[in-house]
1. Could you tally the net charge around residue 52, taking each other residue with its Cβ under 14 Å from the Cβ of residue 52, Lys/Arg +1 and Asp/Glu -1?
2. Under the rule of at least 5 residues apart or a separate chain, name every residue whose amide H is placed under 5 Å from the amide H of residue 191.
3. Roughly how many debye, to the nearest 20, is the charge dipole of the stretch 139-180 about its Cα centre, given +1 on each Lys and Arg Cβ, -1 on each Asp and Glu Cβ, and no other charges?
4. Would you kindly derive the ³J(HN,Hα) couplings of the stretch 239-251 from the backbone phi angles with the Karplus curve 6.51 cos²θ - 1.76 cosθ + 1.60 (θ = phi - 60°), listing them in order in whole Hz, with x for Gly and Pro?
5. Given (i) 0.97; (ii) 1.38; (iii) 1.04 as candidate values of Cα Rg over 2.2 N^0.38 Å, which corresponds to the one derived from the coordinates?
6. Extent of the stretch 1-78 along each principal axis, from alpha carbon coordinates, in Å, largest to smallest?
7. Setting aside same-chain residues fewer than 8 positions from residue 104, which aspartates and glutamates have a Cα under 18 Å from its Cα?
8. May I ask you to give the percent of accessible area on the chain that is carbon plus sulfur, with a probe radius of 1.4 Å?
Amino acid sequence: MQLWFARGSEISIREQLVTQIILGILGNDLAPGQRLPSTRELARRFHLHSNTVSAGYRQLARDRWVEQRRGSGVFVRANRPETSQSPDLAVDQMIASLFRSARKEGVSLPALRVRLRQWLELQPPDHFLLIEPDEELRRIVAAEMQQAVSSPVLSSGLEDCRKALEGGISAVLPNRLESVRKALPEGTELLTLRFRSVPSSLGEWLPAPTGALVGIASRWPDFLKLARTMLSAAGFHPDSLVLRDARKANWQRGLKQTAAVVCDSVTAKELPAGCRAIPFSLLAESSIDELRRYVEFVSQPLESL
């Protein structure tokens, strides 16, 4: 079995070694019972640190791909692990199979790269990318997007958005539009998401009941301010509002004594048992509808467009 290592890659040498050996086993390039090169031999042949090779072999043994026999070396196990194959490994296996087939057919690596690039450019977007610097807000909005659509929703800050954008539809909140536009390649299409005003779920609580304690909980500080302002404007007395920052220890304390808790969609899942949640979805219905239209459009067969 041939091995190769990319020195400047973001993937560690140890991970490259582990992945290639697993693919070799799955592709039958490495047979059950076959002895692998020794740690010293691999380190010398590829100018690797022996600790890196040892760590890779230990991981393979831990995951039951190989067995280490004292005094004899490292051998491929007779039986493969019964654990289900990870999505990343499944993709790696498909890609490795493609490259093996290309080599057999005499297709050069540059020619294969050109054809792959052409095929990637033909494919419709397969995910949404929410670009938002505020980590807590990003977490909430991404969760709401994922509840609304079947396509995967990824998220990133400004620093990593170019890397994550490939093959995706970028989405941004209105106040970040200009800064995100500057961070992305010119001409990149941006889907602008909008916030809703007053949640319909609060309707049954208006007018504000007298003497009822109402909780407000979120990991996003601006949500706490927004909800407090909104409830005060709706007639709730400030002394009846119990604010909890979900980033702090013991934030759930006292919430069971409230009539209900106004919270974001992520914090709603973390409330103590027995609390009545009033989730305040941040995204406007118009933005939810637009996300769904995008999914419907890119899911159509080419011949129907």
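1. On the way: positive: 7, 14, 40, 44, 45, 58; negative: 15, 41.
With Lys, Arg at +1 and Asp, Glu at -1, the neighbours total +4.
2. 170, 171, 172
3. Working: 4 positive and 5 negative charges, 7 e Å.
Using Cβ point charges on Lys, Arg, Asp and Glu, the stretch 139-180 gives about 40 debye.
4. 6, 8, 9, 10, 8, 9, 8, 5, 7, 9, 5, 6, 5
5. After the calculation, the listed value that fits is (ii).
6. Sorted largest first, the three principal extents are 35, 27, 21 Å.
7. Answer for residue 104, where 18 Å is the Cα cut-off: 29, listed by chain and number.
8. Details: 9330 of 18480 Å².
The C+S portion of the solvent-accessible surface of the chain is 51 percent.
The values are calculated or read from the model by the stated rules, or taken from the named source; none is laboratory data. Here the structure is a predicted model, which is why all the values come from computation and not from measurement. Glycine gets a Cβ as well: all are built from the backbone with ideal geometry, and neighbour counts include every protein chain shown. Just the protein is used for accessible areas: all its heavy atoms, side chains included, with ligands, DNA and RNA removed. Shrake-Rupley method; radii C 1.70, N 1.55, O 1.52, S 1.80 Å.
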